[in-house]
Amino acid sequence: MARFYSIVIGGELKQLAILGGPLAVSNLAVVSIGMVDTMVAGHASGVDLAGLALGSGVWAICAVTLIGLLAAVSPVVAHMRGAGNELGCANQLRQAMWIALSGALVIALLLLLVPWWSQWIQTEEPVRQVMQGYLQALVSGVLPFAVGIAVRGYCEGMAQVSAVMRIYLFAALLNIPLDILLVFGAGPIPAMGGVGCGWATSIINWCITLALLWHLGKVPAYRVLKLKLFPSRPHWPTLRHLLALGLPICIGAASEVTFFASMTILLASYGAVIVASHQIALNIGSAFYLVALAMAQAVSIRVAWTLGQKSPDKARFVSYVGIGSGMVYALFTGIVLIALRHLLVMAYTSDAAVIVVASNLLLLCAAFQLVDVAQAMAWGALRGYKDTRVPMCLQIISYWLIGLPCAYWLGEAYWGVYGYWVGICIGLGAASILLGLRFWRVSGKSLQKIMV
């Protein structure tokens, strides 16, 4: 019996790895763009790094909003693929383009207005100028970013992830010389400092989306798409279904990202050293977290596919295997962060004061890996079950009603930046418990429906 279970678990782990491996590489490629931005800006000046930290925090909120709005594409397509509805899969992408276009327009307008609303952020004026220039440079890359997210979600739902991985890897490599060129300048191209990272990211967004669209036009697996320059007419039932699933995911994801971004804003008055240290520690933690996020995406796709085949018992088993493997990964990353924290920070900066603070923050980052990965895996499984509204509420409660007040109180009354990071741990811990309980309830109900 033990041998049977080990074979079954091993088989499911293999399936998750086939999906999750390329997704992890793609996610790491995405986060490496931000890491390279931080490294290059950090070697330009402390002001450029602090301005980039504030700007990237705002862009993260915008990016996650678009990702969340389109997050339903992947599980919905996977569910239809499990049911053998290939035409339905294609229609989801066509309609998702309208969501991408609408969302991109709103985000671009928000970024154009940065000189107005950025005055509310308390920081040094040179830092504010870098932040404004960085965000305005990103305006030209918002539309391709949104379209690229829709196309990527379709590819993931169709389990065609290897080509996506290669495209994102190429983009990450291209970003390195672009960053160096635009930040430091060369020949007729002036040195732009941290603002150059914004222009580099916009160029990369265009490259990614054009490559993904070329891929869709060439691969036989997507023959039913029949791509056109403009999307087909809006089909309101399909759009309502995508938004009914996607909006709660968007709000839930945005609540987490704004939770982290609010920390950066609250710490702005502490000075450039603290802001830079906070940003470096978040960058390093994000690199490890995005592997777990890929595992959660793989679980979501597998759960949706098995539910499309009317197999809720297998869907729950897939979820258990995914959550268990995620916890093993979290333990491993915690050990790595503790052991290599000084080396990881020194890859970003040579400032002694920043190295000390950021290295200490990585100890807390190692501590919240367990709860952060746990909540990500539970959330991924719930997305596969198309359960998004209640998880959204649980995330808002965890981050904003529990985590943020604790962070502010501990930070302002006791431990400064370290208190804020303890508050992060508390918020993520609450999310992991609440989402875990929700998964147990939803998966149990799914089994009961079949039994009845």
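Values in this text are rule-based calculations from the coordinates and carry no lab data. All values derive from a computational prediction rather than experimental measurement. Quick reminder, even Gly has a Cβ in these numbers, built from the backbone with ideal geometry, and neighbours come from all protein chains shown.
Brief remarks follow.
- Prolate/oblate/rounded call for the range 244-349, Cα gyration tensor, a/c under 1.5 rounded: oblate
- Multiplying the residue separation of A339 and W117 by 0.36 nm and subtracting their alpha-carbon distance yields 75.8 nm.
- Residues E86, E125 in ascending order of nearby Cβ atoms (within 10 Å, fewest first): E125, E86.
- If you take all other residues with their beta carbon under 15 Å from the beta carbon of A407, and give Lys and Arg +1 and Asp and Glu -1, the sum is -3.
- As a rough guide to protection, the peptides 31-39, 343-351 ranked by mean Cβ packing within 10 Å, highest first, stand as 31-39, 343-351.
- Two-site FRET efficiency, V356 against L169, from Cβ-Cβ distance with R₀ of 45 Å, rounded to 0.05: 0.85
- Alpha carbon centroid spacing (whole Å) that separates the range 46-63 from the range 148-197: 17
- Ascending count of other beta-carbon atoms within 10 Å, so fewest first, for L267, L49: L267, L49
- Listed peptides 376-386, 134-144 by packing density, highest first (mean Cβ within 10 Å): 376-386, 134-144
- Value of D in µm² per second that Stokes-Einstein yields for the range 13-60, Kirkwood Rh from Cα pairs, at 37 °C (0.692 mPa s): 268
- Computed from phi, the 3J(HN,Hα) profile of the range 102-118 under the Karplus parametrisation 6.51, -1.76, 1.60 (θ = phi - 60°) reads 5, x, 5, 4, 5, 5, 4, 5, 4, 5, 5, 8, 4, x, 7, 7, 5 Hz, with x in place of Gly and Pro.
- According to the Kirkwood relation over distinct C-alpha pairs, the hydrodynamic radius of the chain is 22.3 Å.
- Over the chain: helical MRE at 222 nm, DSSP H runs n ≥ 4 each giving -39500 (n - 2.57), nearest 500: -28500 deg cm²/dmol
- Loop-located trypsin sites (Lys or Arg not before Pro) in the range 235-341, at most 16 other Cβ atoms within 10 Å (DSSP): K310
- Over the chain, Cα pairs under 8 Å with separation of 6+ residues give a relative contact order of 22 percent.
- If you wrap the tightest convex hull around every Cα atom of the range 110-220 and split its volume per residue, you get 122 Å³.
- Placing unit charges on each Cβ (+1 for Lys and Arg, -1 for Asp and Glu) gives the chain a dipole about its Cα centre, and among L109, Y329, A44 the Cα reaching farthest toward its positive end belongs to Y329.
- About its Cα centre, the dipole of the chain is roughly 2100 debye, where the only charges are +1 on Lys and Arg Cβ and -1 on Asp and Glu Cβ.
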